[in-house]
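See below for the structure under consideration.
The values are calculated or read from the model by the stated rules, or taken from the named source; none is laboratory data. The model shown is predicted, which means the values in this text are computed figures rather than measured ones. So basically every Cβ, Gly included, is an ideal-geometry build from the backbone, and we count neighbours across all protein chains shown. Surface accessibility is based on the protein's heavy atoms, side chains included, excluding ligands, DNA and RNA. Shrake-Rupley method; radii C 1.70, N 1.55, O 1.52, S 1.80 Å.
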Amino acid sequence: MKNILIGMILGVANVIPGVSAGTMAVVFKIYDQLLDSISIDPKKLKKNANFLITLGIGIVAGILLFSKIITFLYENYNIQTNFVFIGVILGSIPMIYKKIVSEKKLEMGGIIPFVIPLIIMLYMAATGEESNTGILIENINITTAILFIFAGAISAFTMIIPGISGSFILLTIGCYETIIASISIVTSLALGLLQGTVSFSNILSSHNLWILILFGFGMVIGLIGGSSLVQALLSNYTQGTYLVILGLVVGSIFTIYPGLPLNFTGISAILFMVVACVVSYMFSET
């Protein structure tokens with residue numbers, strides 16, 4: 001039950017851009033076991049089978065429960081929702097910076113790993129290649145299939161790095177709304193199947209199901225290939241790794257910025273952002 005509850009928290013964290021599932025794993029003291037468990041080594045998998053299964057059940061439950069809420073908020077309060085995410089991201093920046101300077105003194109030349117990803121993100125925002133918040137990808141072709149597999153791999157890889165959110169990566173590459181909407185739709189179809197109002201063929205013909213299959217395939221690749229790489233990067237290039245993360249995090253603010261109308265919606269969005277920033281900062285300090 002403990003693993004399932006922790007898994008649910010990790011699942012919810014995976015859905016919220018700016019909230020790091022890796023950080024949650026560290027807080028609940030399962031991070032080392034999680035990294036050790038994600039392996040293609042049969043002995044390690046057998047050893048950690050109960051841990052992985054119970055944690056996985058919780059993660060799936062957290063994602064399914066929260067995806068419907070996020071979908072509702074995006075459809076009805078798009079600007080406020082994005083400003084909440086911006087606030088969460090802003091509040092997490094001091095934690096990442098502390099990890100950078102805790103290793104060794106930061107030299108001027110050492111900020112290159114920060115500058116390069118930041119410039120890339122700013123370019124994406126300036127040229128309109130941002131997340132296109134609220135736009136869903138509905139066609140599956142070779143290009144989008146590769147995009148969904150890549151999105152799954154990179155989000156899984158970043159998910160296991162403390163301090164960075166896999167969901168915010170999905171935002172920056174334009175897949176977040178599509179994945180969340182697909183989870184919500186497939187969940188509704190599955191419930192309809194249980195109630196007898198939807199046939200199995202209806203689910204199989206849904207493009208949302210195939211989006212999730214492609215995304216899930218990418219996640220498996222990212223988790224198995226990423227766990228060893230993450231351990232190596234954080235052990236040998238800790239400061240550089242977190243500088244890259246910081247550049248992506250700061251740049252992501254510009255890519256998800258939805259504009260600010262000068263009306264009640266804009267005022268409420270600012271207030272929500274401030275509250276989210278404070279809560280995020282307080283949480284990261286615990």
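Structure above, values below:
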item	result
Overall form of segment 135-190 per C-alpha gyration tensor (a/c, 1.5; a/b vs b/c)	oblate
Nonlocal amide H pairs with Ile137, under 5 Å, H built at 1.01 Å	Thr178
Size-normalised alpha-carbon gyration radius of segment 183-224, reference 2.2 N^0.38 Å	1.32
log10 of Debye I(q)/I(0), alpha-carbon scatterers only, for the chain at 0.10, 0.15 Å⁻¹	-0.54, -1.24
Extension reserve of the Ile270-Met282 stretch, reckoned as 0.36 nm per residue once the Cα distance is removed	2.5 nm
Accessible-area order (highest first, 1.4 angstrom probe) of the listed residues Leu233, Leu243	Leu233, Leu243
Asp41-Ser201 FRET efficiency (beta carbon distance; Förster radius 35 Å; 0.05 resolution)	0.35
Note, ³J(HN,Hα) from phi for segment 262-271, Karplus 6.51, -1.76, 1.60, rounded to Hz, x at Gly and Pro	8, 8, 4, 4, x, 5, 5, 4, 4, 4
Shape of segment 119-273, Cα gyration tensor, a/c cut at 1.5	oblate
Residue-normalised accessible area of the chain, given per residue in Å² at a 1.4 Å probe	50 Å²
Amide H partners (placed H, <5 Å) of Ser165, local residues excluded	Gly18
Karplus 3J(HN,Hα) series, Hz, for segment 244-249 with 6.51 cos²θ - 1.76 cosθ + 1.60 (x for Gly, Pro)	4, 4, 4, x, 5, 5
